[in-house]
Amino acid sequence: MRQRRLIAGATAFGLMTGAGALALPAASADEPAVLLTEDFEDGDFSPLSQNGGSALSIVDADGDKALLVQGRANDYDGFKTPANLLQAGGSYTFSAQVKLSAAAGTTTSARFVVEPAYTWVGNTSVSADAWTTVTGTFNAPAGASPAALRAYLGTGNLSAPYDYFVDDVVISGTGAPADGGAWQPTPDPAFVPGGATNPTTTPLAAARGTGNVAALTFDDGPNPGETTALLDFLKDKGITATFCVIGQNVTAPGGTELLRRIVAEGHTLCNHGTSYADMGSWTQAQVEADLKENLRIIRAAAGDSALQVPYFRAPNGSWGSTGEVAAALGMQPLGLGNLIADWDGNDLSEATLTANLRKAFSPGAVVLAHDGGGDRSNTVKAVATVVTEKIAESWTFTLPQGGVADAPAGVTSDFEAGTDGWTARGDGVQIAASSDAHSGTGSLLVTNRTQPWHGAALDVTAGMPVGTAVEISVWAKLAPGQSSASLKVSVQRDNGGGSAYDGVAGAGASVTADGWTQLRGTYTLGAAADKAQVYVEGPVGVSFLLDDFSLAAIVEKPIQTDVPGLKDVLGAEGIEHVGVAIDARETVGTAADLVRKHFNAFTPENAGKPESVQPVEGQFAFTQLDQLLDFADANDIQVYGHVLAWHSQTPAWFFKDGTRDLTNSAADQALLKARMEAHIKGIADHIDARYPNGDSPIWAWDVVNEVIADGDTANPHDMRDSRWFQVLGEGFVDEAFRLADRYFPDAALFINDYNTEMPEKRADYLELIGALKARNVPIDGVGHQAHVDVARPVQWLEDSIKAVEALDPKLLQAITELDVNSSTENQGADVSGAPADPYSPAFEDDADAAAEVGYYYRDLFAMLREHNASVDSVTFWGISNARTWLRTWPMARPWEQPLPFDDELQVTPAFWGIVDPSRLPARPADVLPPRIADQSDIRAVSNGASGVKVNYALPSAIDTLDGPVQLTCTPASGTRFPVGTTTVTCTATDKAGNTRTTSFDVIVTRKQAGKP
């Protein structure tokens, strides 16, 4: 700088603070005060902005930093002051040091020109020989618009283009705006900020790190061709950059796909406005509307309503009020940095742009190039050349300063000095330091647990940025004297007074008191949370120790792009909807990439259940569901709604009047029906408001779920004795369907249940469906959950599908919750009454288990293809083996591999069983015994004391390899059974010698005299 300038006050004014600062006067408004000073020593020229077609860069000139103005075709090409700095009626003094470049070879004039009247201030002769002070005063007219009062440096007419330097720009005056406090955006509880950590209003233009580091930034895209080539190059070199994207280019053909790729490949996004419009003279309200709209466009295209867009760069470098608005909206203003003059009107040859880019590189620089706004093919070539050179010179590429915080260093607890911030979770739970340690000398003891969710918790909010995959690990051991128990790690997310709960994928295991067991898994926070806690839970009454906890960010393996998409393969074979159960975690990162590639439908795993949607009567909570709907809408994915009426995960208040349990009285029935209607109508009203044109992505609903019990009940069709049934009887099913039909007239309405392939439950299910049809209940489809195991015959499910087809061929059918476990026995999916431990793996080798699951999928989908006229939809219950519920229910089952994608989202044998069975590994040796269908007890009446001859049908027995297997039952059918109860034992043996046995009772009673 030529001379030191001091700001008279230190209070920030509206827009920006820093080396190039706007300041309020320390004295009264009647005394002159320095309002703006810029000496360029920080390498950035904000709050000044580009004016006209000039190229601005910070250079060394005569031993100090200065602003170089190049590429001038007009006398006004140069820099401009920000809007709202000058006020109506104010008196101002402008000053700047100006010097022509040596190549100018002439003397000319320079002056400040104040818009909108283009008033000249301080016209002065300047040359290349020395620095000249250009200064003058300006009195702003009364009634002038502060947004329009902007000054630029103008020069004498150009007979030929010339460059000039400028330094020490100072504006002082008595018309400083009154301090009305920092501008605040329009209140909007639904708005998700950009994601910058503590953004400043000052545009920053320096790279993170020291030494030979630079931050690559690209403006005006995405643009098919140039952006594609640029991404290819960056991916090949393993470099990430910052892309400042324009909304109109995101919505243009090819823009959405490019934006998704930018996100998927780990680049950072920057908001560059919805168009190329100069925002420098806009009001804050206008800027706010544009920046919010561009955030909406970006997030909709990415399918992530909380996607981080942590930077904003003003189009043309024309800042005005944009900096303060961007910061208030959670985006760090990003200065122009070092430009390469790659926009129209300049020499855009590859040689020139390559030379410009080499010059733009300096340690710590933010480098700005363009991938849109015109033909930028030579820019891409220049980037490839120069960046390759810099890599060879050991340069590294980082983010600009500001924006998102660096990845957290991680969270650890070793309990060497106490509880390390962990707290008791649940009333009465006690935590204390213990000397029984996995490593070192300390651990955490958790006792007095009276609920499964009781345990110990740690606030990890700072360690889990949205969309960042983390690995969570903790070592656990049971307290002395306890038998083995399954423990697992979970996450509680708190937002706006509500809470949600997620399992940590894979972080469950059977733990003993004999030694330490590691609980380790992965987790991605799918949406912003006010608070996130990790906690360890397990069976009631179990006391345990924890040690060596860690949480650290990990790099996810990208999905495979060289395999066919499930939706494409199955869609071509007549299965219209290929879906997956997801929550917010699958709307970001690599999991979202997998959803987009393989599925055209999904089911909200929990976000649509009654306890999620209406936890308190009359208080609906749609945040989780809305995020999933936004993701579906942005990615042209349809949604299978789950679920309107269910006995589980429904708040207790549904079935109470105050503290009193509802009965089947007429008044209580009316109350429960009203609550059912209010719940269904509340969801429909919300959906209709979001999609007023009727284009909601919801194509179907589970209207009722799991209404048939597994065993005999005293109810018709063996209806589950749920609170719905106890109050309303079987009619609650009719009521739910009629309400769903009224409020969701365009959605397909399904009944859904598990174990529908089991012969006895099949019969009950078909009876109920037939009764509903007979009563003209508006049912459109039948759901088969298909939580099956590798030994459960595919034939049984086909028999159920055929039975529905025979009942009414117009009924749609859906496989709604498909997974295939490899445990020795499967009890279906009744989460309301967990079966007893233990489960055990059917195979000793995990690879054998995975292969057998693959063969099961082969046979299952071969069957489903035969019924594609009625089977409209197949939904997998989980995105990957790491996320399957089977790994932790009802105990730790780490061996389960029930889905087409493994823990790292790579394809499994299950995938190839569906897509291309020729790629399956060799089938393992047969260790699975045949499966025998359950047989109800048989009752008979004897006329005398000697009993009666009883003929019974043999239960179905099928082996997954051998097909139907002959049963041997003792006593045999046709035997005379005595009065009383006789147990019949049936045995099936397959060709490999695997044997299964089942039994049922024949109950013979004696006819009483005088009764028919």
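The values are calculated or read from the model by the stated rules, or taken from the named source; none is laboratory data. Keep in mind it's a predicted model, so treat the numbers as computed, not measured. Using ideal geometry, Cβ is built from the backbone for each residue, glycine included, and neighbour counts are taken over all protein chains shown.
Arg585 is checked against (1) over 22 Å from Asp702 (Cα atoms); (2) assigned to a loop (DSSP other than H, G, I, E, B); (3) in contact with a helix residue (DSSP H, G or I) (Cβ under 8 Å, 6 or more places away or on another chain) and fails just one. What number does that condition carry? Going through the list (1) over 22 Å from Asp702 (Cα atoms); (2) assigned to a loop (DSSP other than H, G, I, E, B); (3) in contact with a helix residue (DSSP H, G or I) (Cβ under 8 Å, 6 or more places away or on another chain), Arg585 breaks only (2). Within the range 134-155, is there a residue that is at pLDDT 90 or above, outside the structural domain of Gly320 (by TED's automatic domain parsing) and in contact with a helix residue (DSSP H, G or I) (Cβ under 9 Å, 6 or more places away or on another chain)? Within the range 134-155 (the criterion being at pLDDT 90 or above, outside the structural domain of Gly320 (by TED's automatic domain parsing) and in contact with a helix residue (DSSP H, G or I) (Cβ under 9 Å, 6 or more places away or on another chain)), the answer is no, since none of the residues qualifies.
Can you find a residue in the range 273-286 that is in contact with a Gly (Cβ under 9 Å, 6 or more places away or on another chain), buried (at least 21 other Cβ atoms within 10 Å of the Cβ), acidic (Asp, Glu) and at pLDDT below 95? Taking every residue of the range 273-286 in turn, none turns out to be in contact with a Gly (Cβ under 9 Å, 6 or more places away or on another chain), buried (at least 21 other Cβ atoms within 10 Å of the Cβ), acidic (Asp, Glu) and at pLDDT below 95.
Candidates are the residues of the range 521-544 that are of a type in the set (D, E, K, R) and either modelled with pLDDT of 95 or more or in a loop (DSSP other than H, G, I, E, B) (or both); the one that is nearest to Met891 (Cα to Cα) is Glu537. When Glu866 is tested against (1) modelled with pLDDT under 95; (2) over 31 Å from the mean Cα position of the chain (by Cα); (3) closer than 17 Å to Trp796 by Cβ, only condition (1) is not met. Being surrounded by fewer than 16 Cβ atoms within 10 Å (Cβ to Cβ), free of Cβ contacts under 8 Å to residues at least 40 places away in the same chain, touching a strand residue (DSSP E or B) at 6+ places or on another chain (Cβ under 9 Å) and closer than 30 Å to Ala584 by Cα holds for only one residue in Asp514, Asp494, and it is Asp494.
Could you check, for the range 919-938, whether at least one of its residues is in a strand (DSSP E or B), surrounded by fewer than 17 Cβ atoms within 10 Å (Cβ to Cβ) and modelled with pLDDT of 95 or more? Within the range 919-938, none of the residues are in a strand (DSSP E or B), surrounded by fewer than 17 Cβ atoms within 10 Å (Cβ to Cβ) and modelled with pLDDT of 95 or more. Just to be sure before I move on: is Val489 out of contact with any helix residue (DSSP H, G or I) (no Cβ under 9 Å at 6 or more places or on another chain), under 21 Å from Trp422 (Cα atoms) and part of a strand (DSSP E or B) in the structure I sent? Spelling it out, Val489 is indeed out of contact with any helix residue (DSSP H, G or I) (no Cβ under 9 Å at 6 or more places or on another chain), under 21 Å from Trp422 (Cα atoms) and part of a strand (DSSP E or B).
Among the numbered conditions (1) modelled with pLDDT under 80; (2) over 27 Å from Ser127 (Cα atoms), the only one that Ser91 does not meet is (1). Every test in (1) closer than 21 Å to His598 by Cβ; (2) touching a residue at least 12 places away in the same chain (Cβ under 8 Å) is passed by Arg893 save one, and that test is (1). Exactly one residue out of Asp75, Asp60, Asp44 is surrounded by 20 or more Cβ atoms within 10 Å (Cβ to Cβ) and either at negative phi or in a strand (DSSP E or B) (or both), and it is Asp44. Trp646 meets each of the listed conditions (1) in contact with a Gly (Cβ under 9 Å, 6 or more places away or on another chain); (2) at pLDDT 95 or above; (3) under 23 Å from Leu672 (Cβ atoms) apart from (1). Against the criterion of being part of a strand (DSSP E or B), without any contact (Cβ under 8 Å) to a residue 24 or more places away in the chain and exposed (fewer than 13 other Cβ atoms within 10 Å of the Cβ), Thr983 qualifies. Counting only residues that are in a loop (DSSP other than H, G, I, E, B) and surrounded by 15 or more Cβ atoms within 10 Å (Cβ to Cβ), the range 330-344 holds 9 of them. When the range 314-367 is filtered for residues that are touching a strand residue (DSSP E or B) at 6+ places or on another chain (Cβ under 9 Å) and among the basic types (Lys, Arg), only Lys359 remains. Scanning the range 335-365 for residues that are touching a Pro at 6+ places or on another chain (Cβ under 6 Å) and modelled with pLDDT of 95 or more gives no hits.
Return yes or no: is Asp902 within 22 Å of the chain's Cα centre (by Cα), among the acidic types (Asp, Glu) and at pLDDT 95 or above? For Asp902, the condition - within 22 Å of the chain's Cα centre (by Cα), among the acidic types (Asp, Glu) and at pLDDT 95 or above - is met.
For the residues Ala117, Ala88, Ala55, the requirement of being more than 21 Å from Val34 (Cβ to Cβ) and more than 47 Å from the chain's Cα centre (by Cα) singles out Ala117.
Restricting to the range 354-382, and then to whatever is among the small types (Gly, Ala, Ser), within 36 Å of the chain's Cα centre (by Cα) and not in a helix (DSSP H, G or I), can you tell me which residue is nearest to Thr242 (Cα to Cα)?
Only one residue fits best here, namely Ala369.
Among the residues of the range 857-866, none qualifies, meaning not one is under 27 Å from Asp959 (Cβ atoms) and either outside the structural domain of Asp780 (by TED's automatic domain parsing) or not in a helix (DSSP H, G or I) (or both).
When Trp319 is tested against (1) assigned to a loop (DSSP other than H, G, I, E, B); (2) in contact with a Gly (Cβ under 9 Å, 6 or more places away or on another chain); (3) surrounded by fewer than 21 Cβ atoms within 10 Å (Cβ to Cβ), only condition (3) is not met.
For the range 156-172, the candidate set comprises residues that are of a type in the set (Ser, Thr, Tyr) and assigned to a loop (DSSP other than H, G, I, E, B); within that set, the residue that is farthest from the chain's Cα centre (by Cα) is Ser159.
Regarding Val948, is this residue more than 30 Å from Ala862 (Cβ to Cβ) and either modelled with pLDDT under 95 or not assigned by TED's automatic domain parsing to the domain that holds Tyr857 (or both)? Judged against the criteria, Val948 is a match. Please verify whether Ile687 is out of contact with any Gly (no Cβ under 8 Å at 6 or more places or on another chain), farther than 18 Å from Val782 by Cβ, free of Cβ contacts under 8 Å to residues at least 60 places away in the same chain and in a helix (DSSP H, G or I), treating the condition exactly as stated. When the stated conditions are applied, Ile687 passes them.
Would you check if Glu389 is outside the structural domain of Ser543 (by TED's automatic domain parsing), charged (D, E, K, R) and exposed (fewer than 13 other Cβ atoms within 10 Å of the Cβ)? No: the conditions fail for Glu389.
Modelled with pLDDT of 95 or more, aliphatic (A, V, I, L, M) and over 28 Å from Arg887 (Cβ atoms): is that true of Ala409 in this structure?
no
In this structure, Ile297 does not qualify as surrounded by fewer than 24 Cβ atoms within 10 Å (Cβ to Cβ), touching a helix residue (DSSP H, G or I) at 6+ places or on another chain (Cβ under 7 Å) and closer than 17 Å to Leu216 by Cα. Scanning the range 102-153 for residues that are within 17 Å of Leu85 (Cα to Cα) and basic (Lys, Arg) turns up just one, Arg150. Here Asp702, Asp695, Asp657 are screened, and the one residue that is at pLDDT below 95 and not β-branched (Val, Ile, Thr) is Asp695.
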